[in-house]
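K.L.:
Take a look at this one; I'll ask things after.
The values are calculated or read from the model by the stated rules, or taken from the named source; none is laboratory data. All of these numbers come straight from a predicted model, not from anything done at the bench. Here the Cβ positions follow ideal geometry from the backbone for every residue, glycine too, while neighbour counts run over all protein chains shown. For the accessible areas, the whole protein counts, side chains as well, though only heavy atoms, and no ligand, DNA or RNA atoms are used. Shrake-Rupley method; radii C 1.70, N 1.55, O 1.52, S 1.80 Å.
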Amino acid sequence: MIKARIKPQRAVPDNSSLLVAQMMTPGVVQVPGDVSVSEAALLMQKERVPCLLVKDTDARYGIMTPSDIVRKVVAQGLEPQRVEARAIMSRPVRSVEYNRLVEDASSLMASTGVPLLIVTRDSQPVGILTAQDLVLAPKRCDTYLPATISLVTGEKTATAYEGTITQLSHVGAYVETAALLLPGTTVMLQFSLPGMAPSFSARGTIMSSYDPPSVAHSEQTPRSPGVDVQFAQFPPAEESKLRAWVLQNFAKTSDHN
């Protein structure tokens, strides 16, 4: 069992440098343009996603949200089972690469007036970022949680390294570790939260690594060596527990500042 320890606050990655991948909802659900609105709405509810990516043709895509259903179907007195998704989808689809700063995504939303963005990786959809994510999702809270981080190959884990989580949210963490872990590597992060059992086992992807010698000497608050981990989607119950803990501790940190 890995137990948490208390340590005085230290320099950690600035929350202002959060990446889109650390705030997005992983996964994009895609439907063909000829699916009915009623079928699409049921799928949206089942998958618990804020929108669907509608593929009308190979070159024509759109977004269908609950707002589209209300404004373009319900308010018009139409029968959702008789309306195709392509008829109410919103275009154009705005996207942002997963490794862009959250500030860049916020600026794009503001300049285009869209409430959500499709997150892409090498032009392939990998997630969704909404305006609500930017407003309601907590920034990472400063913490000090001993952890182990293991490489994942297929369905097996190997080569476990010791580390310390110094920033944590329900979608990712910054882990101080001396291990050399390259971006794109799949890992398993195991840690415990104070007062909670059992420990969390979070599968994720290394988004970036930090090596102090490679950073300009002018940086005022250098980080310790480590990696940014983006979590894969948690089971709802575990995500709720982690989100609640982060919110509570983020509030405590803010009160002390």
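K.L.:
Residue 133: accessible area at probe 1.4 Å, nearest 10 Å²?
P.N.:
Using a 1.4 Å probe on the heavy atoms, I get roughly 30 Å².
K.L.:
If contacts are Cα pairs under 8 angstrom and at least 6 residues apart, what is the relative contact order of region 69-182 in percent?
P.N.:
14 percent
K.L.:
Between residue 91 and residue 108, 0.36 nm times their residue separation minus their Cα-Cα distance comes to what?
P.N.:
Result: 4.6 nm gained on full extension.
K.L.:
In whole Å, what is the distance between the alpha-carbon centres of region 68-96 and region 106-131?
P.N.:
Measuring centre to centre over Cα atoms gives 19 Å.
K.L.:
May I ask you to compute the full-extension gain from residue 244 to residue 60, defined as 0.36 nm times their residue separation minus their alpha-carbon distance, rounded to one decimal in nm?
P.N.:
The residue 244-residue 60 span can extend by a further 62.3 nm.
K.L.:
Then there's this: Go ahead and run the numbers for FRET between residue 42 and residue 182, Cβ-Cβ distance against an R0 of 45 Å, rounding to 0.05.
P.N.:
0.65
K.L.:
While we're on this one: Could you state how much accessible area residue 121 has, in square angstrom rounded to the nearest 10, with a 1.4 Å probe and all protein chains kept in place?
P.N.:
Its heavy atoms expose roughly 90 Å² to the probe.
K.L.:
Kindly identify region 30-130 as rounded, prolate or oblate by the Cα gyration tensor criterion: order the square roots of the eigenvalues as a ≥ b ≥ c, call it rounded if a/c is under 1.5, otherwise compare a/b with b/c, prolate if a/b is larger, else oblate.
P.N.:
Verdict is prolate for region 30-130.
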